[in-house]
Each structure stands twice: as C-alpha cells, then as structure tokens.
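I have a structure I would like to understand better, so I am pasting it below and will then ask my questions one at a time.
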Amino acid sequence: MVRLMVEKTFTAQTFSGANLSCRRGGRLVFAGLHFAVPPGGALILRGHNGSGKTTLLRLMAGLTPSSAGHLAWDGQAIDDPDAHAARLRFVTHLDAVKPALTVAENLSFWMSLWAGKTNESALQKSLQAFDLKRFETFPARLLSAGQRHRLALSRLLVAPAPLWLLDEPGNALDDASLAALARAIADHRASGGQVVIASHGSAFVDDGMTLDVGAFTPTTAAHWSEEE
Amino acid sequence: MSVFTTVLARDLRLALRQSADSLTVIAFFAIATVLFPFGIGPEANILARIAPGVVWVTALLAALLSLDRIFTVDFEDGTLDQLILSGAPLPVVVLAKVTAHWLTTGVPLIIMSPVLAVTLHLPAEGYVPLMLALLLGTPTVSLVGAVGAALVLGTRRGGVLLSLLVLPLYIPVLIFGTAVIEGAITGVPVTPLILAGFAILALTLCPWAASAALRQAAE
C-alpha cells in the first residue's frame, strides 16, 4: 500500500460552531452545542444511537439548517452553502456508488466535478490508498459492502478539500482498511486539514477532541415543540 | 470539463448501461398507442381524427413513467447529498440531469412517433408537424417533470403523487402540441413557436425550482 504524499497545505482556518440547536420533526435533537476545530485538528463525535451525531454532521455540511446558533469558518459566519460545500468532503453511511459504473469511472466522475478535470495520477493514488487498484475496471456492483465503502472513502483523496466530515467511517472495514483510513486522516491533518468523525468504535486519531453529542440532548417533554 | 458536461456524460453513460429503463418507456409508448386502433376499430377517419391527441397523451404518460428516475436513485444511494455538496451551482446539475432525461426518453419518443402515427392513419401532412411539436414540447415535459420529481422525493408512493402533481401542468403543452398537428392537417396552421415559448419559460424557472426542492429533500 502506498502512502499518499502530502502535497497541499491548506490555509490555516478554524471551523467552529456556536450555540447550535437542531430540531427534527418537532423534537429538539440537541441544543446549545459549541465546537471549534483548529487547522490540523480532529473532533470525535460520540453519543448513543439517536443522539444526533449524523444530524450534527449534516448541519456542519450545510445540508440541514440549524434552528439556532451558527457555523463559522475562520471566524466568519457561513452564509453561502455552496462556498462552504466546496471546502468539505462528507462521507455518509450511504456510499453514493453507482453499480453500473466501474470503480475508476465512479471516482473520476467526482474528481472532474470537484476539481474541474481528471488527473490520472491523483486517481491512481486514491485507488491505491484504499487498496482498490485491483478492482479499477470492475463494475461497482461486483464490490462487497466493505469495498464499496472503501471506494466512498477514496473520494476523499481525489480532490483536496480542507474539511472532512466522516459519519461512522469504520463501518464494514477490515483491519487493513481501518489502518489505511487512519493513515489518510493523519496525512490530511498533517497538511493542515481538519476532520470531524462520528464514531462508536475506533476514533482513528489519538489526540482529537471528543464531543459527546448526547450530553446536549434535552430529555424532558418540555422540549417537544407544540407549534410544529 | 464543465459541471454540466460532467453530469450529463455520467447520466448518459448510466442510461446506456441500464438501457432497459429507456427501452421500457419506448415500449410503453408503442403498446399504449397501438391499443387505440384495437379499442376503437379500424375506421381510418376516426383514427386520423384522434391521432394527434393519442400520440401526445401516450407520449406524456410514457415520459411520466420515467420521471422518478431523474432523482430517486441518486436520492436513495446518497449521490444527491454529494451533488448538493459539490459546490457546483445546483441548477446547472439539475439542468444536466434533465437534459440527459430528455435525450434518453424525449428523443426516442420523437423518433418512434411517425411509426406509431402510421398505425393511427395520420394524414401525410401531419408527420413533420408531429415530430416538430414533440421536439419543441418534450423539453418542457422533462423540465416540469423534474420539478415534480424533486418535490415528491422521500414520499411513499411518490409515483402516484407525481402524476397528480405534474399531469395538470402538461395541459397547455398538450393543447398546443395537438393544435400544431391538427392545424397542419386541416390547413389552418398553428405556429409551433408557442411550444418553444413554453420550453424557454420552463428552462428559466424549472432548474431553480427543482434545486430548491432537492435541498428541501436533503435536509
């Protein structure tokens, strides 16, 4: 397995959120949540099932609006979702892999969408990082769940973006792939990128900050909204 | 490559690899149209009288069958989240997907239509207007349909809801689409430019409306 060379250093900017609340279906998922991820930093989201880790990640990505509070990049409140989207990569529990396309076609689509062009050497590096080189010409429908997830993870590497949001990235991965992911995260942080990981198991980093989303979950009936 | 061509190329490649989807739509168009001569009988005048309307209505229904394909698969497999987060202008992505839909369903319908018009005894002077009307009308069908498809994302039995939502909006296209063909047959020409007008209006509104609905669906 080839280690990715650290090529790009991101401009050092902090990603933060202040007093974030989110309401889903009339229920307050979490409230009064603060976080800050400095350049090169890692934030680990913990919490029981349903505590709002995925909701928080989708909120950080700008997909879900917050009902109170705001996100900030370099101290500036984020008000342009497209500009924010361009600096992040989001790995969700859905792999966004097209079964009818080959592994390489799946990757090169996202590469040309994000980077504006395809770059064969960057594509090969991304494939090698998660040991997918052998399957390059396979239709993605032949991949196992773990291999499909590795393909989703290799998208992180095809075009650089400073902020990685990873939702349970260790799901369905074998030990070698977990190690490859930990290495990719370490390389990303070394080049000044930041990462937010929601995880029950391995945290992939040993010096990250931990945020227990569950601690911000209101539990009493008073938090049920009546107007919705 | 630009965002538009990247997304268009991917959707066309997917449609080509899963060509059964497009073929089903064309087969539906053929079978539904051919049912009319069987149901009404072989009287040429009656068939010729209803031919423009029958071809248009079956073309609309065939297109309707394929509309949920524009966004549903992307929504279910997580691609839609990634497209919204691509940083590219979402209306451009939507327009590329709609263009792919039109090329893989609208264009085959246009090509098939003269063959089916033969079974309906459409008079000879109606063929060129038929294809012209479909050529100018089907882009509107795809564009308006995309808004409906985006609005029903995530709902159960979205297909039925989609038809209730979208079919009434197709009435203007249906009226002028058939009028263009009938005008040519009866010698009172109706300009097909009004269909082009509808297409331009849909082009300026629908990609933005569909984008807003997609963002709502992804919340």
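The values are calculated or read from the model by the stated rules, or taken from the named source; none is laboratory data. Given the structure is predicted, the values throughout are model-derived calculations rather than measurements. Heads up, the Cβs are rebuilt from the backbone with ideal geometry, glycines too, and the neighbour counts pull from every protein chain shown. With ligands, DNA and RNA removed, areas are computed over all heavy atoms of the protein, side chains included. Shrake-Rupley method; radii C 1.70, N 1.55, O 1.52, S 1.80 Å.
Report for the protein assembly as shown the percent antiparallel among DSSP-assigned beta bridges with both residues inside it, nearest 5.
Working: 16 of 33 bridges.
If I count the DSSP bridges inside the protein assembly as shown, around 50 percent turn out antiparallel.
Are there residues in the stretch B:70-85 whose accessible area shrinks by at least 40 Å² when all protein chains are included rather than the chain by itself, and which are they (probe 1.4 Å, ligands and nucleic acids not counted)?
B:Asp77, B:Asp81, B:Gln82, B:Leu85
Could you compute the FRET efficiency for B:Met131 and B:Ser2, with r as their C-beta to C-beta distance and R0 at 30 Å, rounded to 0.05?
On the way: r = 30 Å, r/R0 = 1.01.
The value I calculate is 0.50.
Consider a paramagnetic label point 7 Å from the Cα of B:Ala48 along Cα→Cβ; state which residues of the stretch B:171-210 have an amide N under 11 Å from it.
In the stretch B:171-210, the label zone of B:Ala48 (backbone N under 11 Å from the point 7 Å along Cα→Cβ) covers B:185-186.
While we're looking at this one, here's another question. Taking every eigenvalue of the Cα gyration tensor of the protein assembly as shown, multiplying by 5 and rooting it, what semi-axes result, largest first, whole Å? Walk me through the numbers on the way to the answer.
Details: eigenvalues 473, 119, 65 Å².
Output for the protein assembly as shown: semi-axes of 49, 24, 18 Å.
Bins of 10 Å, beginning at zero and ending with the bin holding the largest distance: percent of Cα pairs per bin for chain A, please.
8, 32, 34, 19, 5, 1
Ignoring ligands, DNA and RNA, please state the percent of accessible area on the protein assembly as shown from carbon and sulfur, probe 1.4 Å. Write down the numbers at each step before the final one.
Working: 12170 of 19280 Å².
Heavy-atom surface of the protein assembly as shown belonging to carbon and sulfur, 1.4 Å probe: 63 percent.
Separate question: Mind listing, in residue-number order, the residues in the stretch A:31-64 that have at least 30 Å² less accessible area with every protein chain present than in their own chain alone (1.4 Å probe)?
Residues losing area: A:Arg58, A:Leu63.
Moving on to the next point. Rounded to the nearest 0.05, what FRET efficiency is calculated for A:Ala12 and A:Arg183 with R0 set to 30 Å and r the Cβ-Cβ distance?
Numbers: r = 22 Å, r/R0 = 0.74.
That gives a FRET efficiency of 0.85.
Using a 7 Å offset from Cα along Cα-Cβ at B:Val107, what residues in the stretch B:30-48 end up with backbone N under 12 Å from the label point?
No residue passes the distance filter.
Next up: For A:Arg46, enumerate residues with amide H under 5 Å from its amide H, sequence gap 5+ or separate chain, H modeled in the peptide plane.
The list, which skips near neighbours in sequence, is A:Leu211, A:Asp212, A:Val213.
Residue by residue through A:75-85, how many Cβ atoms from other chains fall within 10 Å of the Cβ on average?
Values: counts 0, 0, 0, 0, 0, 0, 5, 7, 1, 2, 8.
Going residue by residue through A:75-85 and averaging, the value is 2.
Say each of A:Leu94 and B:Ile200 gets a label point 7 Å from the Cα, pointing the same way as Cα to Cβ; how far apart are those two points in nm?
Placing both labels 7 Å along Cα→Cβ, they lie 3.7 nm apart.
Follow-up question, since we're still on this one. Beyond 24 Å, how much of the Cα-Cα pair distribution for chain B remains, as a whole percent? Present the calculation step by step, with values, prior to reporting the outcome.
Values: 10185 of 23871 pairs.
For chain B, the share of Cα pairs beyond 24 Å comes to 43 percent.
Can you tell which of B:Trp56, B:Met112, A:Ser202 lies farthest toward the positive end of the dipole of the protein assembly as shown, using +1 and -1 charges on the Cβ of basic and acidic side chains (Lys, Arg; Asp, Glu)?
A:Ser202
If you don't mind, another one. Working out 0.36 nm times the residue gap between A:Ala36 and A:Asn119, then minus their Cα-Cα distance, what length gain in nm do you get to one decimal?
Values: separation 83, 0.36 × 83 = 29.88 nm, distance 3.34 nm.
Length gained, A:Ala36 through A:Asn119: 26.5 nm.
Just checking the output field for B:4-12: average partner chain Cβ neighbours within 10 Å of each residue's Cβ? List each step's numbers first, then the result.
Details: counts 0, 1, 10, 3, 0, 2, 9, 1, 0.
Counting Cβ atoms of other protein chains within 10 Å of each residue's Cβ and averaging gives 3.
Give, as ranges by residue number, the residues of the stretch B:45-59 whose backbone N falls under 12 Å from the point 7 Å along Cα→Cβ of B:Val118.
Under cut-off, by backbone N: nothing.
Computed on protein heavy atoms with a 1.4 Å probe, what is the summed buried accessible area for the chain pair A and B, in Å² to the nearest 100?
Numbers: alone 11000 and 10770 Å², together 19280 Å².
That pair hides around 2500 Å² of surface in total.
Another question, if that's okay. Compute the accessible area per residue over the stretch B:2-218, keeping the other protein chains in place, probe 1.4 Å, unit Å².
Numbers: 9340 Å² over 217 residues.
Here the per-residue accessible area is 43 Å².
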